[in-house]
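Reading through the structure tokens given below for one structure.
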Amino acid sequence: MALSLVFSNVAVAAGAANTHLTKDAQVGRSTAGVLGAQSPTREISTQQDIQIENEVHCLALNIYFEARSEAEQGQLAVGHVVMNRVADRHYPSTVCGVVRQGGEERLHRCQFSWWCDGQSDKPLNQRAWLKSIKLAIRVYYGHSEDPTDGALWYHADYANPYWSDALVLGDKIGQHIFYLKEKQPKYASN
């Protein structure tokens with residue numbers, strides 16, 4: 001069964017032209033279907049290709065469900081928190097592991113509320129989903145700066161979670177407030 005279809009417009013638009021995800025980038029049937037891609041080019045040949053596709057898909061889902069109504073900067077910020085957690089030894093080492101952490105035993109006890117809210121995890125707004133995929137590719141491949149300065153946590157600006165007092169307050173980006181383990185040094189640029 002062919003798992004991959006062309007999705008060159010997204011890869012190029014997302015700035016992935018300098019990575020292995022280029023004009024003939026491959027995505028799974030579900031992602032390509034959203035993009036309207038119809039002509040298969042080649043099979044995904046390695047387990048690594050499949051893993052990368054899954055990681056980008058998980059990141060896009062998180063951007064979509066956590067921040068689709070945000071401006072681009074807010075969506076990028078949510079994506080970067082996931083990648084910051086992947087890089088932190090206290091969290092799972094994969095994007096999907098981070099996104100899906102928690103909620104196994106009780107609803108609403110996970111890291112990202114959409115994951116364990118009991119609702120469908122299928123994106124319905126195709127325009128917002130396409131944008132989430134583009135942004136996920138940019139974040140995953142390092143084609144966007146982290147506007148959070150390395151934040152590992154955030155919450156909606158209308159919430160006041162008990163854990164926020166134990167962290168260093170970061171920036172408010174869009175409708176989310178971000179938190180750091182410690183202050184990040186700011187260096188003067190010449």
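Specify the residue that is modelled with the lowest pLDDT; the eligible residues are those in the stretch 151-162 that are in contact with a strand residue (DSSP E or B) (Cβ under 6 Å, 6 or more places away or on another chain) and in a loop (DSSP other than H, G, I, E, B).
Pro161
Among the residues of the stretch 54-105 satisfying the criterion of being touching a Cys at 6+ places or on another chain (Cβ under 9 Å) and not in a helix (DSSP H, G or I), which is surrounded by the fewest Cβ atoms within 10 Å (Cβ to Cβ)?
Looking at residues that are touching a Cys at 6+ places or on another chain (Cβ under 9 Å) and not in a helix (DSSP H, G or I), I get Glu104.
The values are calculated or read from the model by the stated rules, or taken from the named source; none is laboratory data. What you are looking at is a predicted structure, and each value in this text was computed from that prediction instead of being measured. Using ideal geometry, Cβ is built from the backbone for each residue, glycine included, and neighbour counts are taken over all protein chains shown.
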